[in-house]
1. Kindly express, to the nearest 10 degrees and within the range 0 to 90, the angle between helix C:46-66's C-alpha long axis and the longest C-alpha principal axis of chain C.
2. Give me the residues in the range D:139-180 whose solvent-accessible area, probe 1.4 Å, is reduced by at least 40 Å² once all protein chains are included instead of the chain isolated.
3. Rounded to the nearest whole Å², what accessible area per residue is found for the range C:46-202 with the 1.4 Å probe?
4. Distance between the C-alpha centers of the range A:1-22 and the range D:1-67? Whole Å please.
5. With no solvent and one point per C-alpha, what does the Debye sum give as log10 I(q)/I(0) for the range C:103-172 at q = 0.16, 0.27 Å⁻¹?
6. So what are the ³J(HN,Hα) numbers for the range A:14-28, from phi and the Karplus equation (6.51, -1.76, 1.60; θ = phi - 60°), rounded to whole Hz, Gly and Pro as x?
7. Shortest first, in nm, what separates the label point of residue C:72 from those of the same position in the other copies (7 Å along Cα→Cβ)?
8. Provide the per-residue ³J(HN,Hα) series for the range A:147-155, in order, calculated from phi with Karplus coefficients 6.51, -1.76, 1.60 and θ = phi - 60°, each as a whole number of Hz, with x at glycine and proline positions.
Number of protein chains: 4
Amino acid sequence: MDRRSQILTIAGHLFSRKGYHATSMRELARHLNLQGGSLYAHIQSKEELLLEVVRQAAERFQKVLEELPSGDPVTRMKALVKGHLRVIAEELPRATVFFHEWKHLSPPLLEEAKALRRRYEEGVQAVVEEGVRAGVFRVENVRLATLFVLSALNWTYQWYRPDGPLSLEALAEAYAELVLKALGVAASPEGERREKGGEDGEA
Amino acid sequence: MDRRSQILTIAGHLFSRKGYHATSMRELARHLNLQGGSLYAHIQSKEELLLEVVRQAAERFQKVLEELPSGDPVTRMKALVKGHLRVIAEELPRATVFFHEWKHLSPPLLEEAKALRRRYEEGVQAVVEEGVRAGVFRVENVRLATLFVLSALNWTYQWYRPDGPLSLEALAEAYAELVLKALGVAASPEGERREKGGEDGEA
Amino acid sequence: MDRRSQILTIAGHLFSRKGYHATSMRELARHLNLQGGSLYAHIQSKEELLLEVVRQAAERFQKVLEELPSGDPVTRMKALVKGHLRVIAEELPRATVFFHEWKHLSPPLLEEAKALRRRYEEGVQAVVEEGVRAGVFRVENVRLATLFVLSALNWTYQWYRPDGPLSLEALAEAYAELVLKALGVAASPEGERREKGGEDGEA
Amino acid sequence: MDRRSQILTIAGHLFSRKGYHATSMRELARHLNLQGGSLYAHIQSKEELLLEVVRQAAERFQKVLEELPSGDPVTRMKALVKGHLRVIAEELPRATVFFHEWKHLSPPLLEEAKALRRRYEEGVQAVVEEGVRAGVFRVENVRLATLFVLSALNWTYQWYRPDGPLSLEALAEAYAELVLKALGVAASPEGERREKGGEDGEA
DNA sequence: AATGAATGAGTGTTCATTCAT
DNA sequence: CATGAATGAACACTCATTCAT
């Protein structure tokens, strides 16, 4: 990994843990065993660093959308939930910056960040819409339902710790279930099986 | 409203809009037509200001829990969803600070903020548990379900604008519906009618 | 004691303990159960306060000179040593300010403080000169001897604590002895008696 | 001389002339043709600067003790007086800070400064004790005599100006004489000749 | 590439002092 | 007399960034 990538990785960690403004360039440099000024041989500015981290996260999220299996809306939505949560689990710092720190970009760059986020949200909304059009998801307001789903997914970065007791798979399975129920879909077969169906399945 | 309250209100706005660290005391003062130093006749430190805003938000959220109607879990959960969203709508800046900026408190005060947030989350979890114990909510993992609900609710501060086209009532109604469905409850009477209930309920 | 005197007394304590610049008007006020601004009903400025404290100390020292007994130089010098040390013991804060903090006065007032100190030093020098002229003190350089005596006396404020184990009388007696010996005078009779003479007396 | 040493030297001058609290970092920087903030590339804090100056002075004084000639107490005491005065003459600013400004250090560092001063005073006291044990110095109270000597020596920083009319040698000679007489020692050979010794010695 | 010294603007905060009440 | 709010300047210190080496 070259210096620039190292810098971006550490910057992601620090921006996500302490916030963009509470992270100083000197501290970033210290984590790389460098002097503050040396960073500028590799980057242009602190703000560029922030935008780049946002871009990297956006790319990861966008790839989830691109690699969604074709097929029925339930399968696709499950894949989306799992993919989204996987990105959060694997790229927690960058994801956190994508969700929060982008705000601190100033106007020219801010627009790009907003666009990246909007593009992803629209992708998610498209998946919801498909399901609704197919009659599989039953919701009153597609936009609201999308936001609801995104909310539930995004917030996980606030509490989920990949090295904690809850495995990514277990989380994804449970969340997919909850999301699908909220979208008016019956519990998935696997879910039923894992729980010996009955009770939950009939609910 | 005395000066201290004015300061707290403006601080809430600025901390929520720009973030704690990106808000300078001089800027805060300027919004009150004061010199920077003059703030210190009313407050002790910037950090105290942050904690106080967090406390005010926590109090509002806590009151929602305290004023929940007694009765069946569905009614209570609906009231919780609506109450939570009302606090967000009415106290958007403070709620935002409660959700995010508390992180920038330093250790002694940080603990208080964490305790306030934990207390509220436990209150929400209690409502979910009641419903599960009563056999009305059907979820595999109470903790996860609670986090799911909280996620969906909390994230709204990111996009909901009280002066936008979506009324608080409409939002709350829709979200209550989605939450209850995720919790495995059949659509409520109104919901059923609008959605021709039956099918959905059995799904 | 009226308010002004109270203020001067506390100011003396604080200026001497923490130094003029490290003492804030608010702290001074707090010691008097007042708000900072309230001091200005009684005084004109912080600097005036400093000068006034210097003046009070100077007056005490000057009175020692004025009340010196007439008589032989040894008796007068002993009285001077004791009187000087008594002022330090009884007025430690003011004496400390007189010795040190006067430096922080700005030019117009600074001159007065310097004059007060000079006047006292000249008084002491006069006592030394008398003794030399009378052939009782034997020193090469009157000015240096005076400075030597003043040094020994002044520095006591740095370590002498009136409430410590060493009584003012014992200190004064011992210092008078040392000063007189330095000035080339034999040990005083009292001194000899107190120690059952022998050893020291013969030295 | 590197920047750090320059800073320490100027800091010594300013702290001694105006006092620690009355010296601003900006003023210190201005004397070095720097911006205020630039100092912090070389030092950690203003307080560190104060401690360092105190340390440098302490080192000089301590070296006087270490380099005292072995031999009779009178010779040693003379060397001590001369050495002490030489440090004051050659390092007036640092010595002044050593005598006074150390008080403004805050607890952790304050203790070090106190220890340095105590160590030197004990060294001086040891020299006095030697002389007493050898029967050469005749004093009632060793501790008081030591303080007397230290007082006389220390205070010189208040008035002695190395570039004034009084040479360091003349001052040291005269002070050594006065100190020894106070310690009950007959005038030294040179002194005896000048003062016709005999009389004085027997006094 | 990296350093280390420097800048100039900015940080939160304290200060002596004023003044209407 | 005393208060409490305010000022405007100053404080020690940090910041992102530049640049000669």
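The values are calculated or read from the model by the stated rules, or taken from the named source; none is laboratory data. Nothing here was measured: the structure is a model prediction, and the numbers come from that model. FYI the Cβ positions are ideal-geometry reconstructions off the backbone, even for glycines, and counts take in every protein chain you see. Accessible surface areas use protein heavy atoms only, side chains included; no ligands, DNA or RNA. Shrake-Rupley method; radii C 1.70, N 1.55, O 1.52, S 1.80 Å.
1. Around 20 degrees separate the two axes.
2. So the qualifying set is D:140, D:144, D:147, D:148, D:151, D:155, D:158, D:159, D:175, D:178.
3. 42 Å²
4. Here the answer is 37 Å between Cα centres.
5. Taken in order of the listed q values, log10 I(q)/I(0) reads -0.77, -1.09.
6. Here the 3J(HN,Hα) series is 5, 4, 6, 6, 10, x, 4, 6, 8, 9, 9, 4, 5, 5, 4 Hz.
7. 3.1, 11.6, 12.6
8. Going residue by residue, I get 4, 4, 5, 4, 4, 4, 6, 4, 4 Hz, with x marking Gly and Pro.
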